[in-house]
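Q: Before anything else, here's the structure in question.
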Amino acid sequence: MLELGKQVHGLVIQLGYESCMFISNALVDMYAKCSDMSAARDVFSRMSRRDVVSWTSIIVGAAQHGQAEEALSLYDNMILNGVKPNEVTFVGLIYACSHVGLVNRGRELFKSMVEDYGIHPSLQHYTCLLDLLGRSGHLEEAESVINLMPFKPDEPTWAALLSACKQYRNAKMAIKFADHLFSLKPEEPSTYILLSNTYASSGLWEHASKARHLLESLEVRKEPGYSYIYFGKESQMFYAGETSHPMKDKIFGLLNELDVEMRRRGYVPDTSYILHNTDHQEKERQLFWHSERLAVAYGLLKSVPGTVIRIVKNLRVCGDCHTVLKLISDIVQREIVVRDAKRYHHFKGGKCSCNDFW
């Protein structure tokens with residue numbers, strides 16, 4: 001809730017509390033989590049004193065927004081300023097490496113944390129390391145780390161690796177990781193969905209269908225995709241496939257106009273992200289009505305020209321929508337920030353801050 005945060009910041013200035021390091025730390029954290037890294041940097045740069053929380057807040061913020069090089073540069077400056085990193089600092093740094101594929105640097109930081117600073121890796125550090133290895137396709141190495149680490153992996157760890165198996169179409173390892181997830185949460189729907197999608201992306205439709213039928217027999221349902229957008233005090237939520245919104249005709253019209261222009265620029269819908277065995281036209285229709293597209297169209301219709309459009313989504317942005325949002329940002333010359341279940345995406349001028357690695 002960025003606008004409310006700005007109001008509180010104004011009160012801080014009015015009351016003369018700007019010099020309080022603890023309040024400044026909280027402001028850096030707030031702005032970073034509200035996707036306004038420019039404001040977070042501004043507060044950080046004005047601080048006369050900075051402790052490990054100050055540095056870690058701006059490092060983690062940069063990491064979350066895909067600005068890995070900035071996060072690593074801030075870390076170097078932190079060390080030069082004689083501030084000793086803590087456990088959270090390294091979580092942010094390894095996370096930064098994970099989301100831009102800096103495998104070697106991530107390994108080095110993990111090693112430095114132990115050898116240079118005597119920090120015992122927590123399960124969270126191992127989870128970040130495993131995520132780094134999984135996202136980069138080093139699934140066998142990830143499995144070796146699991147066998148050697150002093151913790152039993154938790155559900156998010158196995159889920160991250162299962163997700164990586166889908167990305168790299170490794171059905172064999174997906175079955176291994178899914179078995180561990182089933183032993184922890186036998187009725188967790190996302191496990192069945194991930195396993196089914198891994199089979200589907202590998203073309204194993206019969207296996208995918210079995211996993212879906214098993215999910216249905218448990219009487220659990222996948223959480224529907226939704227996105228919401230804030231305008232000051234107003235917010236609007238959109239569900240995937242929603243056709244009941246009062247502005248549906250205007251939203252549909254704008255999405256159609258954008259679709260025509262995108263196709264003129266060479267866009268072809270990537271229907272592989274609709275992992276159901278339906279015809280091509282139906283898959284394109286499902287992509288067209290994804291919730292983040294509805295939210296963006298609404299934002300373009302309702303917001304002040306030139307302002308940043310900020311959207312939050314409960315699931316990960318699919319690859320086709322990622323392509324579409326890059327194109328829309330270039331067509332309309334607007335910055336679009338999407339916070340999905342995994343990370344922040346800053347779409348501007350046809351590019352994304354994640355460099356297409358998420």
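The values are calculated or read from the model by the stated rules, or taken from the named source; none is laboratory data. Only a predicted model underlies this, so the values are computations on that prediction, with no experimental measurement involved. Positions of Cβ are generated from backbone atoms using ideal geometry, with glycine treated the same way; all protein chains shown enter the neighbour counts. Accessible surface is based on the protein model in full, side chains and every heavy atom, while ligands, DNA and RNA are left aside. Shrake-Rupley method; radii C 1.70, N 1.55, O 1.52, S 1.80 Å.
Q: If I take every Cα pair under 8 Å that is 6 or more residues apart in region 296-358, average their sequence separation and divide by the length, what percent do I get for the relative contact order?
A: 31 percent
Q: If you don't mind, another one. For a quick check, take a GNM of the chain with Cα springs below 10 Å and name the residue from 82, 203, 241 with the largest mean-square fluctuation.
A: In this elastic network of the chain, the residue with the biggest mean-square fluctuation among 82, 203, 241 is 82.
Q: Which residue fluctuates the most in the chain, going by a Gaussian network model with Cα springs under 10 Å, if the choices are 299, 253, 92?
A: Maximum fluctuation in the GNM of the chain, among the listed residues, is at 253.
Q: How much area per residue is accessible in the chain when the probe is 1.4 Å and only protein heavy atoms are counted (Å²)?
A: 50 Å²
Q: Another question, if that's okay. Given charges of +1 on the Cβ of Lys and Arg and -1 on the Cβ of Asp and Glu, with all other atoms neutral, how large is the dipole of the chain about its Cα centre, in debye to the nearest 20?
A: Once rounded to the nearest 20, the dipole reads 480 debye.
Q: Sort 233, 326, 33 by accessible area with a 1.4 Å probe, largest first.
A: Ranked list, largest accessible area first: 233, 33, 326.
Q: With N residues in the chain, what two-decimal value do you get for its Cα radius of gyration over 2.2 N^0.38 Å?
A: 1.06
Q: Could you give the C-alpha radius of gyration of region 107-150 expressed as a fraction of 2.2 N^0.38 Å, taking N as the number of residues it contains?
A: 1.12
Q: Please report, as a whole percent, how much of the solvent-accessible surface of region 1-160 comes from carbon and sulfur atoms (probe radius 1.4 Å).
A: For region 1-160, the apolar C and S fraction of the accessible surface comes to 55 percent.
Q: Can I ask one more? Once phi is turned into ³J(HN,Hα) by the Karplus curve 6.51 cos²θ - 1.76 cosθ + 1.60 with θ = phi - 60°, what whole-Hz value does each residue of region 327-335 show in order, with x for glycine and proline?
A: Running phi through 6.51 cos²θ - 1.76 cosθ + 1.60 with θ = phi - 60° gives 5, 4, 4, 7, 5, 9, 6, 10, 8 Hz.
Q: Once neighbouring chains are kept in place and the probe is 1.4 Å, which whole percent of the accessible area of region 226-352 is contributed by carbon and sulfur?
A: Roughly 49 percent of what the probe reaches on region 226-352 is carbon or sulfur.
Q: Now, a different point. Would you mind estimating how fast region 226-352 diffuses translationally, via Stokes-Einstein at 10 °C and 1.306 mPa s with the Kirkwood radius over Cα pairs, in µm²/s?
A: Diffusion coefficient, whole number: 109 µm²/s.
Q: Using only C-alpha atoms and all pairs of different ones, pull out the Kirkwood radius for region 1-160 in Å with one decimal.
A: Hydrodynamic radius (Kirkwood, Cα only) of region 1-160 equals 16.6 Å.
Q: Which of 45, 202, 57 moves the most in a Gaussian network model of the chain with Cα springs under 10 Å?
A: Between 45, 202, 57, it is 45 that shows the largest mean-square fluctuation.
Q: Say the cut-off is 27 Å between C-alpha atoms; which of 185/233; 152/172; 84/166; 33/326; 172/326; 152/210 go over it?
A: 185/233; 84/166; 172/326; 152/210
Q: Now a separate question. Tell me the relative contact order for the chain as a rounded percent, counting alpha carbon contacts under 8 Å between residues six or more apart.
A: 12 percent
Q: Please give the solvent-accessible surface of residue 97 in Å², to the nearest 10, using a probe radius of 1.4 Å with every protein chain present.
A: Roll a 1.4 Å probe over it and residue 97 shows about 0 Å².
Q: Toward the positive end of the charge dipole of region 226-352, about the Cα centre and with charges on Cβ (Lys, Arg +1; Asp, Glu -1), which of 325, 290, 240 goes farthest?
A: Comparing the listed Cα positions along the dipole, 325 ranks first.
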